[in-house]
């Protein structure tokens, strides 16, 4: 029942929102227009009924109800032509404020005339819903002033009420009941707008947080939301991996843009899955290179071991028969371990990054490596040689560093099922 009534209300508002509609209106503006016209239309038959009741007893205040209806209809017709929503709102607010309250003068003041006069409070309620709190306060002060003035003037003039006392009680009950329904409707609309705004705010907040987590590590995202200072951390022990596609430029020159992006997206998306499975942190992609860190931003003593296991999985996935083997791509992978500096840079399109010799040498291990193999430095080798198999490569010239002794990582000394069981669980 509630659902069907809500559906009927939504359809009605949608139809009425076409009155005075403008192609540039967004959803919120269309809704506000439709609701104001709906309220105005709902009050019209009540104003005609009230006019008939009061005029039947010879009360000229009934003509105020007719005047209200005439002004309301004219304002809606004008709005349909000029699409001026602020003008419609002002006319409707003044109309509902003055017509019922001024009728109190002809009815003899507060006691006989207060029941129709209370309808004037729809003006501050309407201003609150459609124009905000400050406008609502101003219109409420205006209502109180006009209501009190009309009542005292009616008493001062001593105009006898043309409405019999027995009928006044019935009219009071009708005004309170019908007017209360309209008041409740406006408050319900205000509450609904507030709930919709809060829902939209929460949805946007969740979306923003999800986007932030896609850009930054979760601990860094939390810190960024609560800190205004620059985020910069020193990590005395971490491991960094670079993986690069061999001769990708030559391979991609005959491909379309969609094919190039699709190939890298599939490869790196799988790397993302592996990185998350091992509980490590993807730092960034640079062209056709992929960068991962272990021990950053969360410190862990087994950073070298964790990144070695990831490197083996990445190499296996790109090899023939692997998950991405059909792409027929060869990888160079380089790893180094040591101290790094990490932090967030930039105010726009900011990202979490690493700096230091450890990072530079890890990049050199990749660029100076051998296709299809994982090259590591002595620092990484000494952390892993007790549980992983290595092949010495010997001494090589490393740009910007000089001669370095390096090794190829071949695999784990543990059986495959033990290595899988010993991997950290994520989530």
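Where a number appears in this text, it was derived from the coordinates with a stated rule and is not lab data. Note that the structure is predicted; figures quoted are calculated from it, not measured. Cβ: placed from backbone, ideal geometry, glycine included. Neighbour counts: every protein chain shown.
Nearest 0.05, what FRET efficiency do residue 391 and residue 302 give at R0 = 25 Å with Cβ-Cβ as r?
On the way: r = 23 Å, r/R0 = 0.90.
Between residue 391 and residue 302 the formula returns 0.65.
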Going fewest to most other Cβ atoms within 10 Å around each Cβ, 263, 365, 87 line up as 87, 263, 365
Would you work out if region 231-421 is rounded, prolate or oblate? Take a ≥ b ≥ c from the square roots of the eigenvalues of the alpha-carbon gyration tensor; rounded if a/c is under 1.5, else prolate when a/b is larger than b/c, oblate otherwise.
rounded
With contacts defined as alpha carbon pairs under 8 Å and 6 or more residues apart, what's the relative contact order of region 231-421 in percent?
23 percent
Need the full-extension length gain, residue 257 to residue 230, defined as separation in residues times 0.36 nm minus the C-alpha distance. One decimal, nm.
6.0 nm
Under a point spin-label approximation (7 Å from Cα along Cα-to-Cβ), what is the residue 183-residue 199 distance to one decimal in nm?
2.8 nm
Work out the FRET efficiency for residue 73 and residue 191 from their Cβ-Cβ distance, taking R0 = 30 Å, and round it to the nearest 0.05.
0.55
Classified through the alpha carbon gyration tensor (a ≥ b ≥ c as square roots of its eigenvalues; rounded if a/c is under 1.5, else prolate when a/b is larger than b/c, else oblate), region 283-389 comes out oblate
Going by a ≥ b ≥ c, the root eigenvalues of the Cα gyration tensor, does region 57-133 fall in the rounded group (a/c under 1.5), the prolate group (a/b larger than b/c) or the oblate group?
oblate
Kindly work out what percent of the DSSP beta bridges joining two residues of region 231-421 are antiparallel, to the nearest 5.
95 percent
Amide N of region 72-115 lying under 13 Å from the label point, which is placed 7 angstrom from the Cα of residue 155 along Cα→Cβ:
108-114
